[in-house]
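Worksheet for the structure shown next.
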Amino acid sequence: MNNIAQPWRRFLAHLVDFGISILVPIYLIYIFSTLTDITNILNHISFYLVFLIFSYSIIYTLLASFLTSTFGGTIGKLLTGIKVVRGDGQNLSFRRALFRNYIGYMVSGLLFGLGFLWMIFDKERRAWHDQIADTFVIVRNKWLVISGMAFFAIIVFVELVLINLSIVNFKSNSTIYTTIVGEIQANFQTGSVLQTK
């Protein structure tokens with residue numbers, strides 16, 4: 001297979017994808033930090049936990065698999081000019097992309113991520129998830145790596161701004177959080193949290 005993507009380019013694509021994946025949780029934390037009503041805060045906590053723990057991970061995996069099967073890669077890969085293909089150079093089916101992105105990544109993550117690092121030593125630059133799904137990562141446009149770097153810089157800047165604003169909001173609303181924690185502790189001490197109607 002010609003034009004095999006170098007590990008550093010794949011790592012940059014992964015950084016872009018990681019930046020995108022944590023943008024939504026950081027934005028939700030920012031929105032949460034602006035709330036000042038106790039009822040609103042408690043309602044949002046439960047929604048955010050369910051969304052982030054269950055829904056978001058599933059949605060993100062399905063979206064990554066859809067993008068890989070339709071366009072040849074996740075946003076990070078597309079922005080850095082690399083593409084995931086089968087041995088014949090064609091795009092993956094959705095099922096194969098889902099298998100690669102879910103099962104394959106879990107296998108590559110074993111043994112402290114050794115499966116991801118394996119591409120450094122493999123002559124075809126394939127990680128374990130590539131070998132399991134019989135895929136290759138190739139360079140489709142070597143100059144797009146510049147757009148990947150620029151996008152990564154922008155997304156990190158936006159996330160740092162949101163984190164800073166969240167910290168400022170949390171500090172200014174600290175009395176509300178102290179009140180909430182005090183009420184929860186009082187309810188636990190009196191046993192009213194455990195009472196059922």
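Here are some notes:
- Residue in region 148-156 that is surrounded by 12 or more Cβ atoms within 10 Å (Cβ to Cβ), modelled with pLDDT under 90 and either more than 30 Å from Ser33 (Cβ to Cβ) or in contact with a Leu (Cβ under 8 Å, 6 or more places away or on another chain) (or both) present: no
- Every test in (1) among the basic types (Lys, Arg); (2) in a helix (DSSP H, G or I); (3) surrounded by 12 or more Cβ atoms within 10 Å (Cβ to Cβ) is passed by Lys171 save one, and that test is (3).
- Filtering region 120-155 to residues that are in a helix (DSSP H, G or I) and under 15 Å from Lys83 (Cβ atoms) leaves Asp130, Ala133, Lys142, Trp143, Leu144, Val145, Ser147, Gly148.
The values are calculated or read from the model by the stated rules, or taken from the named source; none is laboratory data. The shown structure was predicted, so the numbers you read here are calculated from the model rather than taken from an experiment. Positions of Cβ are generated from backbone atoms using ideal geometry, with glycine treated the same way; all protein chains shown enter the neighbour counts.
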